[in-house]
Amino acid sequence: MKRLLIANRGEIACRIIATARRMGIATIAVHSEADRGALHVARADEAVEIGPAPAPESYLRAEALLAAARRTGSDAVHPGYGFLSENAGFAEAVTGAGLVFVGPPAAAIRAMGSKAEAKALMARAGVPVLPGWHGAAETEEALRSAAAGVGYPLMLKAVAGGGGKGMRRVEGPDGLIAAHAAAAREAKAAFGDGAVMLERCLDRPRHVEMQIFADSHGGTVHLFERDCSLQRRHQKVIEEAPAPGLAPAVRERMAEAAIAAARAVGYVGAGTVEFLLEGADRFYFLEMNTRLQVEHPVTEAITGLDLVEWQIRIARGEPLPLPQAGIAARGHAIEARLYAETPARGFLPSTGRLTRLSFGSAPGLRIDAGVAEGDTITPYYDPMIAKLIVHGQTREEARTRLMAALDGTQIAGPRTNARFLARLLAHAGFAAGAVHTGLITDAGPDLTADPGPAGPAFAAAAALWLAFHSRADDPDADNRHTDEMAGFRVNLAPSILVRIEWNGAELPVTLEPDRAGGARISNIDGVSMGRLDRNGNGRFTLVLDGHARPAAIAQTPRGLQILIGGEEHEIGLPERRTRDENALAAEGSLTAPMPGRVLAVKVEPDRTVEAGDPLLVLEAMKMEHVIRAPHAGTVRAVHFVAGDQVKEGDQLVDLIALPSAAS
């Protein structure tokens, strides 16, 4: 293996490139039109453009990937995770073209790729499985009958793929049909297969998985377990190894079941067997991921092994690098997934340019990132910014180190879940190791609430930016929030009046510039003198009454996103709000909460709806988001049709409240 094409993007592509380069293997990146300037493209030895931004037209086009491999003389293909990594047809096409597929045989992918068939196979192999229904419902009545047999609450799951896509929890019969349709659409969009199965829900289980490796010489080993119980929208956000409090006897039984699962399908390569753990010792097969996992770094941290190197060596036909007796776990590792999203708004994806991206520091910290400062988070792909992984001698040491790293992280541009992650790590349940899949839901607003009121420093930073930097950052803006007061006085600069929205109230602020580049500030309690020095790319040094600290400022549709230290707030600009929101949408309109594509329109003009009725379905970053009526009313207008792209803030629907709803 001398030339490796990486059929993926983002942080996993960067991760594979790093190991391949260390092993002396040339790397070829592929990219869409939207990723021309991406980090993985810059780090690879060569790069090939494979299509437009949408994944179905680029990263999911097997023929384009194979053409890129032929064009560059590649002799192997690494699929990463997601996209086509668990597509048996793609694996067959790669090997059929005479190339090495850095992954398991197509037959093993196919056997485990269908969750329904995999569960049946595992049951025959003696691996415990959850009760469920894996058939094909031809009618709504057949679906209701199958659900009744499984029992409520139940989980709808995409038969192909994972990552939380194509999954819906259903509490009772009333929501079954709509949830099934939504799960099927999401699964079809993400994996090309809309088949959905039904599975019994457990009450607050833990999600524990076993990392296994198998070679083509009959050897199979495990690299211990990971606990991935902390999830939002069925997607993992914090993972750790080893699983806290897992009894050695249970670990041993789980490892034996994972190895049995791998041998049952003739597995070769890296794989992860996932289980749901009920209570202290009852576990059930969930699925097998026939690829490298997003959370593989925590296993690398406790074992000291490079899992990508193992993948490559096994794909070259080598035996397992170590026997089971030679694999040991040391210490504890925790990984946090840093996403561009807004926890306070239901974890809606957030997009935009990363005007500031600076990670905190801590002993034992590793950062796997797929973007750099200045890059743009687009609506086309998963919104992950980076993974922060910390290793410590104990779980508590790893936890506190990761909290310190997150506290020191500064990101301006898109909204992120950094503060949410820090709160989650500080949660008493997590600190005690009492983790389960419902912990985030149970904690509720304690984890996702917006921060408290913005302090005077944020108001002063906004006023200084408006007065002295707004034209440089936005030369086309009309700057109506800045009014230079007429009339110069001898030897004195004019004063400048700016208007900001601070903690919900509009505030006029007067600044009197001095010859040192600062200004006397009036009307902000606790601040008298200030200066905002530009350091480039959205970064500044804020000096208030002689106290200097770093700051980052980015423009948003409603105002300014300001980061000072580890704290973040948005300061509104009244005229911008009026221009971009009030003038854009008449009273009663509904706007897009994020950029995306309209999947379905559920209403038409003149239709009367009740509060909570679905109006439209948006797709962003491979996930569906239902836009619902906030109150009863009559639809006056629908401004988009299925297939249209929308921007955040676009007016979607005009909804006139009924008299009873308006009162």
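The table below lists the values:
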quantity	calculated
Residues located in region 397-419, provided they are part of a helix (DSSP H, G or I), in contact with a Pro (Cβ under 9 Å, 6 or more places away or on another chain) and within 20 Å of Ile571 (Cα to Cα)	Arg419
Sole exception among (1) within 22 Å of the chain's Cα centre (by Cα); (2) of a type in the set (A, V, I, L, M, F, W, C); (3) over 23 Å from Gly80 (Cα atoms) for Val159, by number	(3)
Search result, residues across region 26-57 that are buried (at least 20 other Cβ atoms within 10 Å of the Cβ) and in a loop (DSSP other than H, G, I, E, B)	Ala38, Ala44
Selection from region 417-443 of residues that are in contact with a strand residue (DSSP E or B) (Cβ under 6 Å, 6 or more places away or on another chain) and not hydrophobic (A, V, I, L, M, F, W, C)	Asn417, His436, Thr437
Pairs with Cβ under 9 Å, 6+ apart, first in region 335-363 and on the phi > 0 side of the Ramachandran plot and in a loop (DSSP other than H, G, I, E, B), second acidic (Asp, Glu) and surrounded by 21 or more Cβ atoms within 10 Å (Cβ to Cβ)	Phe347/Glu341
Selection from region 391-408 of residues that are closer than 24 Å to Pro451 by Cβ and either crowded, with 24+ Cβ neighbours inside 10 Å or of a type in the set (A, V, I, L, M) (or both)	Leu402, Met403, Ala404, Ala405, Leu406
Condition met for Leu652 (out of contact with any helix residue (DSSP H, G or I) (no Cβ under 9 Å at 6 or more places or on another chain), in a strand (DSSP E or B), within 25 Å of Pro379 (Cα to Cα) and not hydroxyl-bearing (Ser, Thr, Tyr))	yes
Output for region 246-287, where each listed residue is within 16 Å of Arg110 (Cα to Cα), part of a helix (DSSP H, G or I) and not aliphatic (A, V, I, L, M)	Arg263
Residue in region 97-107 that is in contact with a Gly (Cβ under 9 Å, 6 or more places away or on another chain), within 27 Å of Ala62 (Cβ to Cβ) and in a helix (DSSP H, G or I) present	yes
Search result, residues across region 188-230 that are under 17 Å from Thr290 (Cβ atoms) and aliphatic (A, V, I, L, M)	Ala190, Met210, Ile212, Ala214, Val221, Leu223
From Pro52, Pro105, residue being closer than 30 Å to Gly135 by Cβ and of a type outside the set (Asp, Glu)	Pro105
Pairs, first within 16 Å of Arg206 (Cα to Cα) and modelled with pLDDT of 90 or more in region 437-453, second of a type in the set (S, T, N, Q) and part of a helix (DSSP H, G or I), C-beta under 9 Å, six or more apart	Ile440/Thr448
Qualifying residue in region 307-319 (condition: in a strand (DSSP E or B) and of a type outside the set (D, E, K, R))	no
Residue list for region 137-159, filter: of a type in the set (Gly, Ala, Ser) and either part of a helix (DSSP H, G or I) or within 15 Å of Glu171 (Cα to Cα) (or both)	Ala142, Ser145, Ala146, Ala147, Ala148, Gly149, Gly151
Those residues of region 526-540 which are out of contact with any helix residue (DSSP H, G or I) (no Cβ under 6 Å at 6 or more places or on another chain) and either over 19 Å from Ile553 (Cα atoms) or basic (Lys, Arg) (or both), in sequence order	Ser528, Met529, Arg531, Arg534, Arg539
Those residues of region 400-415 which are in contact with a strand residue (DSSP E or B) (Cβ under 6 Å, 6 or more places away or on another chain) and in contact (Cβ under 8 Å) with a residue 60 or more places away in the chain, in sequence order	Leu402, Gln410, Ile411, Ala412, Gly413, Pro414, Arg415
Region 639-663: number of residues that are aliphatic (A, V, I, L, M) and buried (at least 19 other Cβ atoms within 10 Å of the Cβ)	4
Residue in region 324-334 that is within 26 Å of His234 (Cα to Cα) and not in a strand (DSSP E or B) present	no
Condition check for Ile12: at pLDDT 95 or above, closer than 30 Å to Glu373 by Cβ and assigned to a helix (DSSP H, G or I)	yes
Verdict on Arg291 being crowded, with 19+ Cβ neighbours inside 10 Å, within 27 Å of Leu84 (Cβ to Cβ), charged (D, E, K, R) and within 22 Å of the chain's Cα centre (by Cα)	yes
Pair list, Cβ under 6 Å, 6 or more apart: region 40-54 residue not assigned by TED's automatic domain parsing to the domain that holds Ile12, other residue buried (at least 16 other Cβ atoms within 10 Å of the Cβ)	none
Selection within region 521-573 - over 24 Å from Asp450 (Cβ atoms) and acidic (Asp, Glu)	Asp533, Asp545
Neighbours by Cβ (under 9 Å, 6+ apart or cross-chain): first from region 515-541, assigned by TED's automatic domain parsing to the domain that holds Glu568 and of a type in the set (S, T, N, Q); second surrounded by fewer than 16 Cβ atoms within 10 Å (Cβ to Cβ) and not in a strand (DSSP E or B)	Ser522/Ser528; Ser528/Asp545; Asn537/Gly374
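Listed here are the residues, each with its yes/no results for (1) surrounded by 23 or more Cβ atoms within 10 Å (Cβ to Cβ); (2) in contact with a Phe, Trp or Tyr (Cβ under 8 Å, 6 or more places away or on another chain).
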position	(1), (2)
Ala280	no, no
Tyr284	no, yes
Glu295	yes, no
Ile302	no, yes
Arg313	no, no
Leu320	no, yes
Ala325	no, no
Ala333	yes, no
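The values are calculated or read from the model by the stated rules, or taken from the named source; none is laboratory data. Computed from a prediction, not measured in an experiment: that's the story for all the values here. Please note: Cβ atoms are built from the backbone with ideal geometry, for glycine as well, and neighbour counts cover all protein chains shown.
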